[in-house]
Amino acid sequence: MVSVGKPLWRRVPPWAVDTCLVAFAALDAWISLLDEEHPLVLACAALGCAGLFLRRRFPLAVFLLTLPMTFYLDVAFAPITALYTLATHSRNRPLLAGCALLHAVVGSLDPSSLSDTFSDNHAWTLVQAVYTLATAFAPVLFGQLVQARHDMAQQLMEVEEAREHERALYAQTVLARERAQLAREMHDVVSHQVSLIAVRAGALQVAAKDTDTREAARTIRSLSANTLDELRHMVNLLRASGGRTTELTPQPTLADLHHLVTTSGIETTLTGDLPPDISTTAQRTIYRTVQEALTNVRKHAPGARAEVRLWHDAARFGVTVTNTAPTRPSVALPSSRQGLIGLRERADLLDGTFTTGPTPQGGFQVELQAPVRAD
């Protein structure tokens, strides 16, 4: 299905674009070949034009294939197309500059009068070299501009995804805070009052002499006890849940870590394990630590790889999340660092520690560790 929002030139299949480019290059070479019948020149022209079919997979090799036809013929389309393709695929600027200079030198030479090129016509050779150099650098600069535009579009997309992720996490955090406050109110106020009702009903049941009064007191005491059980169950549910399960923030357990890593949107490896008997609170803290760390990698280190390592010994357990240096520049965004502050607070609840910092290789590391029996 064709996307309505895409420009018309993006809807054309790549093979159709390459076929048109080869046709234009062949036409350009054919015009220069009107007075040329040498088999070597014909072979160079055919090889340089046909090589454009492979320009997306082997841009440097295709550019080198166009150099012989540039040397023998007065052509521009095939080498300029190859240079542009190389500039859009490569980030090696010294290589691009060298290829542009090489194209300028080859294009400035005249195979029919090489002996006169450096002896009788220095001024014309210089003018031709400058013109060829400008012609060679133009597709390189334009290709780099297209590459920068593509990188910026990708970064903006990643930033928007990170913002959506953070908004969902913030909403989930607010909901969890409200539920925790509601749980405290139910535990401290409602449960206390219902307990008093049960105690008073029990005392009335013992002290009352009337049968109907004792039966009413027994009923009140029984209903109060059942209500207390229901309240305790509701308080436990409110404390254990931060809200409804979503794709971004599922109710976290150790079993959910693999799904979190595989759907993080970055290249991530998960190694190690944790004690099987750690508490639910500790499992949620581990999950939230990994979740926040991977979110920060997506946001601040585009193109980086991450490693999530679970570990434990006789006294402590923890998780270490390390990412490599970013391969693309990131867009600076305002940050309140509330995510890291929240992780430190979670670590304090486990009597543990939470540390962050850069690595010697240019990446970043986040580590949480806590006592084995903190809860």
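The values are calculated or read from the model by the stated rules, or taken from the named source; none is laboratory data. Not measured: the values here are computed from a predicted model. Glycine also receives a Cβ, built like all others from the backbone with ideal geometry; neighbour counts cover every protein chain displayed.
In this structure, does ARG149 turn out to be modelled with pLDDT of 80 or more, out of contact with any His (no Cβ under 8 Å at 6 or more places or on another chain) and not assigned by TED's automatic domain parsing to the domain that holds SER264? I'd like the intermediate steps shown before the answer.
Numbers: modelled with pLDDT of 80 or more: yes; out of contact with any His (no Cβ under 8 Å at 6 or more places or on another chain): yes; not assigned by TED's automatic domain parsing to the domain that holds SER264: yes.
Answer is yes for this residue.
Which residue, of ARG305, ARG284, is modelled with pLDDT of 80 or more and closer than 19 Å to LEU368 by Cβ? Can you show your working first?
Working: ARG305 fails: closer than 19 Å to LEU368 by Cβ.
Result: ARG284 is the single residue among ARG305, ARG284 that is modelled with pLDDT of 80 or more and closer than 19 Å to LEU368 by Cβ.
Here's a check for you: in the range 290-302, which residue that is out of contact with any helix residue (DSSP H, G or I) (no Cβ under 8 Å at 6 or more places or on another chain) and part of a helix (DSSP H, G or I) is modelled with the highest pLDDT?
ALA293
Any residue at all in the range 39-62 that is at pLDDT 85 or above, closer than 17 Å to LEU133 by Cβ and assigned to a helix (DSSP H, G or I)?
no
Only one of these is assigned to a helix (DSSP H, G or I) and either touching a helix residue (DSSP H, G or I) at 6+ places or on another chain (Cβ under 7 Å) or not polar (S, T, N, Q) (or both): ILE278, ILE286. Name it.
Working: ILE278 fails: assigned to a helix (DSSP H, G or I).
Answer to the selection: ILE286.
For the range 120-138, what are the residues that are among the aromatic types (Phe, Trp, Tyr) and modelled with pLDDT of 70 or more? Before you say what the answer is, go through the steps one by one.
Narrowing the range 120-138 to residues among the aromatic types (Phe, Trp, Tyr): 124, 131, 137.
TYR131, PHE137, listed by residue number.
List pairs: first in the range 207-218 and outside any helix (DSSP H, G or I), second of a type outside the set (D, E, K, R), Cβ under 7 Å, 6+ apart or cross-chain?
Sorted first by the residue in the range 207-218, then by its partner, the pairs are ALA208/ALA217.
Taking the range 126-168 as the region of interest, how many residues are basic (Lys, Arg) and surrounded by 12 or more Cβ atoms within 10 Å (Cβ to Cβ)? Before you say what the answer is, go through the steps one by one.
From the range 126-168, those basic (Lys, Arg) are 149, 163, 167; that's our starting set.
This time we only want the ones that are surrounded by 12 or more Cβ atoms within 10 Å (Cβ to Cβ), so: 163.
Total meeting the criteria: 1.
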